[in-house]
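Asks: Structure below; questions to follow.
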Amino acid sequence: LRLGVVDRIEEVVAGEAIRHSAGQLRVQFGDTILPLAGIADPDALDGKVRVFRLNDGSHEIGYAFREVIDLMSLERSVIPADAAGAVSGVTLIGGEPAELIDAHWLFAEHVGASVRPATQLVCRLPEGDAWMQNMLRPIVEAAGYLVIGEEDELAADITIVSHGREVPAGEGGKILRLASDPDTANGEDSIYRYDRAGLLIALKSAGAGSGTNKRAGTGTSKRAGRR
């Protein structure tokens, strides 16, 4: 493993800190939860496990290992692997063949599909609607959107309201109405509020069609954090 991507080494208790969650194996370090690579059979783990915290400058993942054998320079050419995967190639280290871990592949596999973009899409939701805030908001945020309220000054890529509710002119972006009765949804600007597939398609299409309302994902708006 190339030293440049190793931030530090941690030690965790397997049964307490490593578990499957949200579709993949993850490891917990205090208040931080990271995707975890390097383990083929997590059920076989017992006791303490050492973990590299790999850092690409913006995101982290964990990589479990048994022991650090040595720290050496790569003095031989690397024979690339035949197919993309966790191993990028093989070389000689200390006269013995050693596989090199492909950190780029690891980050693409464990982080790439879920990270937020550099410019974050914005969704406006009514703050006084408990269903929108408690049921819908987590789905919208998981899709990569920053959720704002009705009084926020940011321009929204998509505004979601209840079916039949009028939206003030000048809101900008796509307007999506959610119907509590599936018979009243028309499938275009109005969908049934439990039509998850339709909702995700609407969120995706709003993002694809937005070119001016995106905002940097590192800042905050004056009301963005309100729940």
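The values are calculated or read from the model by the stated rules, or taken from the named source; none is laboratory data. These numbers were taken from a predicted model, which means no experiment stands behind them. Heads up, the Cβs are rebuilt from the backbone with ideal geometry, glycines too, and the neighbour counts pull from every protein chain shown. Accessible surface is based on the protein model in full, side chains and every heavy atom, while ligands, DNA and RNA are left aside. Shrake-Rupley method; radii C 1.70, N 1.55, O 1.52, S 1.80 Å.
Asks: So is Ser58 among the hydroxyl-bearing types (Ser, Thr, Tyr), closer than 28 Å to Ile93 by Cβ and either in contact (Cβ under 8 Å) with a residue 40 or more places away in the chain or open to solvent by 40 Å² or more (accessible area, probe 1.4 Å) (or both) or not?
Replies: No; evaluated as a whole, the condition is false for this residue.
Asks: Give the residue that is farthest from the chain's Cα centre (by Cα), with candidates limited to residues of region 5-15 that are at pLDDT 90 or above and not hydrophobic (A, V, I, L, M, F, W, C).
Replies: The extreme case among them is Glu11.
Asks: Quick check on my filter: what residues within region 69-84 are at pLDDT 90 or above and either within 23 Å of Leu45 (Cα to Cα) or surrounded by 16 or more Cβ atoms within 10 Å (Cβ to Cβ) (or both)?
Replies: The one that is at pLDDT 90 or above and either within 23 Å of Leu45 (Cα to Cα) or surrounded by 16 or more Cβ atoms within 10 Å (Cβ to Cβ) (or both): Ala81.
Asks: When region 53-87 is examined, which residues are found to be assigned to a strand (DSSP E or B), under 20 Å from the mean Cα position of the chain (by Cα) and over 15 Å from Trp105 (Cα atoms)?
Replies: Hit for region 53-87 is Arg53, nothing else.
Asks: Does Leu3 satisfy being among the aliphatic types (A, V, I, L, M), in contact (Cβ under 8 Å) with a residue 40 or more places away in the chain and open to solvent by 80 Å² or more (accessible area, probe 1.4 Å)?
Replies: Answer is yes for this residue.
Asks: Which one of Arg196, Arg165 is open to solvent by 70 Å² or more (accessible area, probe 1.4 Å), modelled with pLDDT of 90 or more and among the charged types (D, E, K, R)?
Replies: Every option except Arg196 fails the conditions.
Asks: Sticking with this one: Among residues belonging to region 97-139 that are modelled with pLDDT of 90 or more, within 20 Å of Ile39 (Cβ to Cβ) and not hydrophobic (A, V, I, L, M, F, W, C), point out the one that is least open to solvent (accessible area, probe 1.4 Å).
Replies: My answer is Asp102.
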